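The structure under discussion appears below in the form of structure tokens.
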Amino acid sequence: MHPLNQFKSILLYYNTLLELDDISLVTLAKYNKDKAFILLIHAYYKKVFNTCINLLRNKEDAEDVTQEFYHRLFWFL
């Protein structure tokens, strides 16, 4: 495949992922679509982190819990 066509295919793939709703992203992530899981992380990272920091009142602990949350979510899916 020509590099330009490959690039266009990748852009189309990412644009399609960006337009998916949360349920579709979770479903894709569940079936080992790493890119969908990464988009899910980016979509909710701030919300998860802010919830953790509000509960724990410590940035380092909040970062650790946020990371653990996504780690467990990945293995749960």
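Quick note: the coordinates plus some simple rules give every number you see, no bench work behind them. Quick caveat, the model's predicted, so the values are computed rather than measured. Glycine also receives a Cβ, built like all others from the backbone with ideal geometry; neighbour counts cover every protein chain displayed.
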Checklist outcome for this item: Expected unfolding gain across residue 76-residue 64 under the 0.36 nm per residue rule, minus the alpha-carbon gap, is 2.5 nm
Next on the checklist: Given Cβ point charges of +1 (Lys, Arg) and -1 (Asp, Glu) and nothing else, what value in debye, to the nearest 20, does the dipole of region 19-76 about its Cα centre take?
Outcome noted: 60 debye
